[in-house]
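The next block holds one structure in the form of structure tokens; read it before the comments.
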Amino acid sequence: MSGHLQGLARRIRALRERRGLTQEDFAARCGISVSFASLLERGERSPSYETLLQVAAALQLPLYELLRLEDTQDAGVHRLETFVRSRGLSRGDVDRLLTVAEVMFNEPSARGSADSAPAPPEPARCGEPGCEKPLLARGLCAAHYHRARRRKAAGPETGGA
């Protein structure tokens, strides 16, 4: 049983720290003494149901979240949930947010496979026959573009050479 109490104690402390609360602020929000808050965070006292409700309210989360056994897999979930709730995002907004996140982190979409993702566009190539170099300007690669500029600058009066 003490293993679960120690886990709860670590979770309470981590959640308090994640919210930037001092033990004094946390204790005041819970309506408990600072020394009792310290004992809770060290796993030296077992909280009553009422105290658990006060702790959950002080940490602004539902009681079941406080009592979860593991927090390693979802360390940022509470921050995301708070973000969504504070902005009143709809289900559609959350879906769009997840789509942006999938693109940002280059993960295949849950709605489709990596095979259905559009291929990146091919770079434009030089318009001179036989030249496959990437474009610089006016449909020509750097070498052909500069040759054309020199020809044009030389003008017809010098015979174009």
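The values are calculated or read from the model by the stated rules, or taken from the named source; none is laboratory data. Only a predicted model underlies this, so the values are computations on that prediction, with no experimental measurement involved. Cβ coordinates were reconstructed from backbone atoms using ideal geometry, including for glycine residues, and neighbour counts include every protein chain displayed.
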Practice task
Answer with yes or no whether A9 is surrounded by 15 or more Cβ atoms within 10 Å (Cβ to Cβ), in contact with a Phe, Trp or Tyr (Cβ under 6 Å, 6 or more places away or on another chain), in a helix (DSSP H, G or I) and small (G, A, S).
Solution key: no
Problem - Meets criteria (touching a Lys or Arg at 6+ places or on another chain (Cβ under 9 Å), modelled with pLDDT under 90 and small (G, A, S)) for A37 - result: no
Practice task
Only residues that are surrounded by 14 or more Cβ atoms within 10 Å (Cβ to Cβ) and of a type outside the set (A, V, I, L, M): list them for the stretch 12-41, please.
Solution key: R13, R16, R18, R19, Q23, D25, F26, R29, C30, F36, S38, E41
Exercise for the section: Return the residue satisfying two criteria in turn: it lies in the stretch 66-115 and is of a type in the set (K, R) and modelled with pLDDT of 80 or more, and of such residues it is farthest from L40 (Cα to Cα). Expected result: R96
Practice task
Say whether the condition of being among the polar types (S, T, N, Q), over 21 Å from F83 (Cα atoms) and either at pLDDT below 95 or in a helix (DSSP H, G or I) (or both) is met by at least one residue in the stretch 58-65.
Solution key: no
